[in-house]
1. Which ones in region 59-91 are part of a strand (DSSP E or B), touching a residue at least 40 places away in the same chain (Cβ under 8 Å) and out of contact with any helix residue (DSSP H, G or I) (no Cβ under 9 Å at 6 or more places or on another chain)?
2. Which one of these is at pLDDT 90 or above and under 14 Å from the mean Cα position of the chain (by Cα): Ser61, Ser44, Ser20?
3. Looking only at region 9-29, how many residues end up being open to solvent by 40 Å² or more (accessible area, probe 1.4 Å) and either assigned to a helix (DSSP H, G or I) or closer than 13 Å to Asn93 by Cβ (or both)?
4. What number of residues within region 30-40 satisfy the criterion of being open to solvent by 20 Å² or more (accessible area, probe 1.4 Å) and among the aromatic types (Phe, Trp, Tyr)?
5. For region 41-71, enumerate the residues that are more than 15 Å from Phe91 (Cβ to Cβ) and open to solvent by 70 Å² or more (accessible area, probe 1.4 Å).
6. Go through (1) surrounded by 13 or more Cβ atoms within 10 Å (Cβ to Cβ); (2) modelled with pLDDT of 90 or more one by one and return the number of the condition Leu90 breaks.
Amino acid sequence: MAKLKIQNRYGVIPNDLLNSQNISFKAKGLYGYIQSKPDDWDFSAERISHQVKEGLPSIRSALKELEQSGYLIRRKYQNELGHFEIEYLLFEN
């Protein structure tokens, strides 16, 4: 299970991201899609790929692109039951 934490509760895509020549439209659109979801949304690349036209490899590559550019951070941690979970943090810069 993964948690999603978003800094703002409205869909805003940073101009730096939108105007970046190093980030694909696919990743920019995925950022906006993720930004529109509530904090308690059950986040996974698989779930996203079932809700949109793009397949799982495409979603994974866009997530990796956002992560490499610093707009997304994935943190793996152990919960109180000892199970590993992933926390996704979405940033504006």
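The values are calculated or read from the model by the stated rules, or taken from the named source; none is laboratory data. What you see is a predicted model, and the numbers here were worked out from it, not measured in a lab. Cβ: placed from backbone, ideal geometry, glycine included. Neighbour counts: every protein chain shown. The accessibility values were calculated without ligands, DNA or RNA, using every heavy atom of the protein model including side chains. Shrake-Rupley method; radii C 1.70, N 1.55, O 1.52, S 1.80 Å.
1. Across region 59-91, the qualifying residues are Glu85, Ile86, Glu87, Leu89.
2. It is Ser61.
3. 9
4. Qualifying residue count, region 30-40: 1.
5. Asp42, Glu46, Arg47, His50, Gln51, Lys53, Glu54, Pro57, Arg60, Lys64, listed by residue number.
6. Every listed condition holds for Leu90 apart from (2).
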